[in-house]
Amino acid sequence: MRPQVRLAALGVVATLTATVASAPAAATRTISPAYLDARQPVERRVADLLSRMTLNDKVGQMTQAERAQVAANPGRVTAWRLGSVLSGGGSVPSPNTPQAWVDMVNSLQRAALETPLKIPLIYGIDAVHGHGNAHGATVFPHNAGLGATRDSELVRKVYRATAAEMRATGIPWNFAPCVCVSRDERWGRAYESFGENPGLVTRLGGSAVDGLREGGVLATVKHFAGDGDTEHGTGDSDYAIDQGVTVTNRNDFHRIDLAPYAAAVSEHGVQTVMPSFSSVDWTEDGAGNPVKMHADEELITGTLKGRMGFDGFVISDWEAIHQLPTAEPAGTREPAADQVRAGVLAGVDMFMEPSTAPQFQELLLAEVEAGRVPMSRIDDAVRRILRVKFRLGLFENPYATLGELGTPAHRALAREAVAQSQVLLKNTDRLLPLRSDAKIYVAGRNADDIGNQAGGWTVDWQGRNGDIIPGTTVLDGIREVAPSASVTFSADASAPIGASDIGVVVVGETPYAEGFGDVGSKPWQQGTGEQREPKLLTLQPGDRAVVGKVCAAAAKCVVLIVSGRPQVITDQLGGIDALVASWLPGSEGAGVADVLFGRRPFTGRLPFSWPASVSQVPVNIGDKTYQPLFPYGWGLRTGSGKDGRDAAQERAAAGRAPAGWQQTIADAQLSEEGGDNVGSEALFRSVAG
């Protein structure tokens, strides 16, 4: 591949300062370009720098490569004029320490500053529930669990702590938060969503953006737009639902899928947006002609940059333009020229080309020189990228400084978030909270597996099970919080179960991420044996067997479901005394024990409707017939201060609620989230009787 070095005709473009010899040497003064003067307005600095850039400089700024392509040879950053470098899931320096991260980022930054105009690069990573790629980082609950807390201030603190740990390793850009509205439990990214209601996602997603900004990190809202609303069976890349098609009308799309983005832009000033791999198919003109989001000029340029007034930049997803339609012959290496052209013309500004950066650059240069991509579009893209870099302060402070991961304060915050995320679905005879001196039989494969409780996007893209990160498992937490309890642990329930034991069975899912986590998709073949099991909406056979055995033999039985989405458990519910949705709590499993033993009350509420059967899926608030096992907003509470919500749920749990109670409770929750507490209480009271 030929080096991407087309220097401008005037050598002055390649210098940062010009020496003016209009006086004797002693009086010679240095005039700095306006773009290096931090006192100048951002827009003036942008215009000045843009005017000095060659086409090669500009195309370089629009390119993002993966660290594996450049870490061992930083000179490529210089030669390719890269605007950005990223780490994909599991792509880390060796050793995986904060110092190694900082050293790597700074070596790449030095290479960027060796370019003629010395434009700093920006390093990005997916830190979707804490800085999960970095060993020793605090791993927070995934967004599904944070959605259950309903606590926007807590979410802000979690993302601010995430930013602090990112900065500790030298990384100023996060490909998070995901502000998708997840409308199908079968989607493998459901846990990256704060919930099924756009109002909840909008509020918590905005808090996440604020938290990252307060921590000095650039947020990216993703995936624009509709990725949580795609239809099962339409998935791309052999997936069942991920990267599929959102079949909808414009009104519903704006109300459900676009709402969080509008608020992130107008109310929270988000600076980067990532389009979705998915497509949208408008029903107004008849279904059957979907448009890939990365090629959707109407939505990226017209809606996001136009009507919403977004003035930051759009970053593509991982090789996303490679999925765009192409007229090139089969077997042509991607990206093809028409894929590059389509993405740029749609309004994508920076392109995540992890291993094909030079090819992308050559194709884009050729498209511009041939007149198929106007220079005005290139200038718009680069202007947006530079604007964000200036706002972030990269020109003044390009280098990273070392910090600390997994601080006690951050782990305490994560533990608090875990406790608030626990949703008590059933609590017969108020079994929970447990006595601290109880005789407890702990079982289930997720009781002592920190990898399972952390989920995907932890250490690896698809996550791993096993002892992969520092922290506490649920079993560790039980032993810490209730040191006076008599605890027996048997993952498979093979140890004898005493007739007076209280069973605590911790079951659920093993780690997965996008695509391979879809119910109906082919499982990931590179993972562990547990990860390769088919993805289901019901418990795996082994988990069901452990639940059945323990709940039949123990005096009382508590089941905790550690999962990224609801699990259908209706047929075993009768034998379970207490049921808890624990979601994916992350590194601080002791937070689960805090509510089990009453150190903290159960306060979590479902961010997703919990289906009664597999055939009922997808089930969402707003459905014409809405009869889930547990409705949106359901969550029994422990502790003092009972109100209409508690009375309504207790009556429903006893089987005495009026017909349609699920819809009424969900409506009450929506009223509360909308600020109508009086109306919400009235609805709860109508169920309570």
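Structure summary
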item	result
Total residues in segment 140-154, condition more than 20 Å from N452 (Cα to Cα) and not in a helix (DSSP H, G or I)	2
Which listed residue, of V217, V209, is modelled with pLDDT of 95 or more and more than 22 Å from T401 (Cβ to Cβ)	V209
Among residues of segment 348-373, those that are outside any helix (DSSP H, G or I) and closer than 28 Å to L36 by Cα, counted	5
Every residue from segment 434-458 that is within 20 Å of G529 (Cβ to Cβ), among the β-branched types (V, I, T) and touching a helix residue (DSSP H, G or I) at 6+ places or on another chain (Cβ under 8 Å)	T458
Every residue from segment 72-124 that is in contact with a Lys or Arg (Cβ under 9 Å, 6 or more places away or on another chain) and of a type in the set (D, E, K, R)	R81
First in segment 286-301 and without any contact (Cβ under 8 Å) to a residue 60 or more places away in the chain and under 19 Å from D380 (Cβ atoms), second anywhere and not in a loop (DSSP other than H, G, I, E, B) and not hydrophobic (A, V, I, L, M, F, W, C), Cβ under 8 Å, 6 or more apart	H294/P275; H294/Q323; H294/G343; A295/G343; D296/P275
Single residue of segment 247-268 satisfying the filter (in contact (Cβ under 8 Å) with a residue 40 or more places away in the chain and more than 30 Å from A163 (Cβ to Cβ)) that is surrounded by the fewest Cβ atoms within 10 Å (Cβ to Cβ)	R255
Residues of segment 490-538 satisfying the condition of being open to solvent by less than 40 Å² (accessible area, probe 1.4 Å), over 25 Å from the mean Cα position of the chain (by Cα) and in contact (Cβ under 8 Å) with a residue 60 or more places away in the chain	D501, I502, G503, V504, V505
Residue ID - farthest from C557 (Cα to Cα), chosen from residues in segment 593-615 that are open to solvent by 50 Å² or more (accessible area, probe 1.4 Å) and outside any loop (DSSP other than H, G, I, E, B)	S615
Residue count for segment 559-580, restricted to those that are closer than 16 Å to S609 by Cα, in contact with a Gly (Cβ under 7 Å, 6 or more places away or on another chain) and assigned to a strand (DSSP E or B)	1
D238 under 25 Å from V519 (Cα atoms) and surrounded by fewer than 23 Cβ atoms within 10 Å (Cβ to Cβ)	yes
Residue match in segment 416-428 (condition: more than 34 Å from the chain's Cα centre (by Cα), open to solvent by less than 10 Å² (accessible area, probe 1.4 Å) and touching a residue at least 60 places away in the same chain (Cβ under 8 Å))	no
Qualifying residue in segment 197-214 (condition: in a loop (DSSP other than H, G, I, E, B) and within 15 Å of the chain's Cα centre (by Cα))	no
Number of the exception - S94 against (1) among the hydroxyl-bearing types (S, T, Y); (2) open to solvent by 10 Å² or more (accessible area, probe 1.4 Å); (3) touching a strand residue (DSSP E or B) at 6+ places or on another chain (Cβ under 8 Å)	(3)
Counted residues, segment 312-355 - those being out of contact with any Ser or Thr (no Cβ under 9 Å at 6 or more places or on another chain) and open to solvent by 10 Å² or more (accessible area, probe 1.4 Å)	9
Flag if D492 is outside any loop (DSSP other than H, G, I, E, B) and either farther than 26 Å from L86 by Cβ or modelled with pLDDT under 95 (or both)	no
Subset of segment 440-468 that is under 19 Å from the mean Cα position of the chain (by Cα) and in a loop (DSSP other than H, G, I, E, B) - its residue that is nearest to N96 (Cα to Cα)	V459
Unmet requirement for R645, which otherwise passes all of (1) open to solvent by less than 20 Å² (accessible area, probe 1.4 Å); (2) under 28 Å from the mean Cα position of the chain (by Cα)	(2)
Candidates P628, P618, filtered to the one that is touching a residue at least 24 places away in the same chain (Cβ under 8 Å), surrounded by fewer than 21 Cβ atoms within 10 Å (Cβ to Cβ) and in a loop (DSSP other than H, G, I, E, B)	P618
Test: S484 is over 16 Å from I561 (Cα atoms) and open to solvent by 30 Å² or more (accessible area, probe 1.4 Å)	yes
Residue check for R600: of a type in the set (K, R) and either under 13 Å from S421 (Cβ atoms) or without any contact (Cβ under 8 Å) to a residue 60 or more places away in the chain (or both)	yes
Some residue of segment 161-172 being touching a Gly at 6+ places or on another chain (Cβ under 8 Å) and farther than 30 Å from P398 by Cα	no
Residue within segment 673-682 that is in contact with a helix residue (DSSP H, G or I) (Cβ under 7 Å, 6 or more places away or on another chain), of a type in the set (S, T, N, Q) and either surrounded by 17 or more Cβ atoms within 10 Å (Cβ to Cβ) or closer than 24 Å to V568 by Cβ (or both) present	yes
Options L365, L386: the member that is of a type in the set (A, V, I, L, M, F, W, C), surrounded by fewer than 24 Cβ atoms within 10 Å (Cβ to Cβ) and either at pLDDT 95 or above or touching a helix residue (DSSP H, G or I) at 6+ places or on another chain (Cβ under 6 Å) (or both)	L365
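The values are calculated or read from the model by the stated rules, or taken from the named source; none is laboratory data. No experiment lies behind these values; they were computed from the predicted model shown. For neighbour counting, all protein chains shown are included, and Cβ atoms are generated from backbone atoms with ideal geometry for every residue, glycine included. Surface accessibility is based on the protein's heavy atoms, side chains included, excluding ligands, DNA and RNA. Shrake-Rupley method; radii C 1.70, N 1.55, O 1.52, S 1.80 Å.
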